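Colleague: Sharing a structure, written as structure tokens. Questions coming.
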Amino acid sequence: MNLKGKVVIVSGAGSGIGAKTAEFFSRANANTVLVDMNEAKMKNVSEKCKAFGAELIVIKADVSNNEDAKRIIDTTLKKFGKIDVLVNSAAVACYGSILDETFMKSYDGMVNINLRAILQLTCLAAPYLIKTKGNIVNISSVASMQTSRNIGAYATLKAALNHFTRTAAAELGCSGVRVNAISPGPTYTDIIKNSGAPFTFEDLKSATLLNRISEPDEIADLILYLASDKSKGITGSNFVIDNGNLLM
Ligand SMILES: NC(=O)c1ccc[n+]([C@@H]2O[C@H](COP(=O)([O-])OP(=O)(O)OC[C@H]3O[C@@H](n4cnc5c(N)ncnc54)[C@H](OP(=O)(O)O)[C@@H]3O)[C@@H](O)[C@H]2O)c1
């Protein structure tokens, strides 16, 4: 795929799915904007991106911070003059039951990153995406469609993200802007370890029809497809990529 000349913002580009996505956009010759809070992790990713020769910017930012969100858009426009694609991958997951005293604290910690930040970046980027007839890819989760225990707050926010994706697609479609979501199933990244869950990805294999866990590059391939003109007729959709997890 050749995305030469396209300007792509990827949040959560320091790790996992966002990192592989930034790498694949650079490999496709896109001008890529790497956004994450973790500068050290982004340095590793940016080295890989630079090896492909495409231009990139690295922005250390907390997507849930209003000023940082504005800085992401302003810095991108200053350097590249336009925005073609916004990929919202940054998120955190907190494991915990409704019966835990920490449930609401976990929710409060997640809501600004996993949901509000995406709404805000969408609002800030939309006027520029209209100019390029660009698109947005939101990274949701199969958790948005399941009733798994102990991830209720995370799952609820992902379900809300699915609805916002459709709402944004409906509102921006007449301006030529597409908005889609991808719902991965278990995918090897740091997310489970960081969530405090008492299991590993290996424990989740048997919860999939194909008895496997995805690699981040499988999700990144789908993100690039949705971001490219190959999917020019797709908007308001939510693509599941879960090794058959939802059918179990
Ligand atoms: N991996 C899975 O099994 C799976 C399944 C379904 C959906 N997803 C979704 O896929 C997306 C990517 O997750 P992942 O699995 O790749 O997890 P990951 O490896 O933990 O990557 C998430 C990245 O987002 C960054 N981030 C967190 N809060 C941020 C903030 N406020 N501002 C900027 N960056 C922030 C993290 O930085 P730190 O490392 O510093 O926190 C991390 O680099 C998420 O939306 C997740 O919900 C993942």
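Colleague: Among the candidates Ser206, Ser148, which residue alone is without any contact (Cβ under 8 Å) to a residue 60 or more places away in the chain, of a type in the set (Gly, Ala, Ser), more than 10 Å from the ligand (Cβ to nearest atom) and part of a helix (DSSP H, G or I)?
Modeller: The conditions single out Ser206.
Colleague: Let me ask something else about it. Out of (1) outside any helix (DSSP H, G or I); (2) within 18 Å of Ala143 (Cβ to Cβ), what's the single condition that is false for Tyr107?
Modeller: Looking at each condition in turn, Tyr107 falls short on (1).
Colleague: Just give me the residues in the stretch 81-101 being surrounded by fewer than 20 Cβ atoms within 10 Å (Cβ to Cβ) and either under 15 Å from Ile9 (Cα atoms) or within 16 Å of the ligand (Cβ to nearest atom) (or both), in sequence order.
Modeller: Selection gives Gly81, Lys82, Val92, Tyr95.
Colleague: Here's something else I'd like to know. Which is over 20 Å from Asp36 (Cα atoms) and not small (Gly, Ala, Ser), of Ile130, Ile113, Ile73?
Modeller: Ile130
Colleague: Given (1) more than 21 Å from Ile130 (Cα to Cα); (2) buried (at least 22 other Cβ atoms within 10 Å of the Cβ), identify the lone condition not met by Gly196.
Modeller: Failed condition: (2).
Colleague: Only one of Asn180, Asn162 is more than 11 Å from the ligand (Cβ to nearest atom), closer than 21 Å to Ala227 by Cα, under 15 Å from the mean Cα position of the chain (by Cα) and part of a helix (DSSP H, G or I); which?
Modeller: Result: Asn162 is the single residue among Asn180, Asn162 that is more than 11 Å from the ligand (Cβ to nearest atom), closer than 21 Å to Ala227 by Cα, under 15 Å from the mean Cα position of the chain (by Cα) and part of a helix (DSSP H, G or I).
Colleague: Yes or no: the stretch 116-127 includes at least one residue that is within 11 Å of the ligand (Cβ to nearest atom) and loosely packed, with under 14 Cβ neighbours inside 10 Å.
Modeller: The answer is no, given that none of the residues of the stretch 116-127 is within 11 Å of the ligand (Cβ to nearest atom) and loosely packed, with under 14 Cβ neighbours inside 10 Å.
Colleague: I'd like the full set of residues that are farther than 17 Å from Phe80 by Cβ and small (Gly, Ala, Ser), limited to the stretch 1-55.
Modeller: Those that are farther than 17 Å from Phe80 by Cβ and small (Gly, Ala, Ser): Gly12, Gly14, Ser15, Gly16, Gly18, Ala19, Ala40, Ala51.
Colleague: Related question: Does Gly14 satisfy being surrounded by 23 or more Cβ atoms within 10 Å (Cβ to Cβ), within 15 Å of the ligand (Cβ to nearest atom) and more than 23 Å from Gly134 (Cα to Cα)?
Modeller: Yes; evaluated as a whole, the condition is true for this residue.
Read the figures in this text as sums done on the coordinates, not as results from a lab. Because the structure is predicted, anything quoted here is derived from the model rather than measured. Cβ atoms come from the backbone with ideal geometry, glycine included; neighbour counts cover every protein chain shown.
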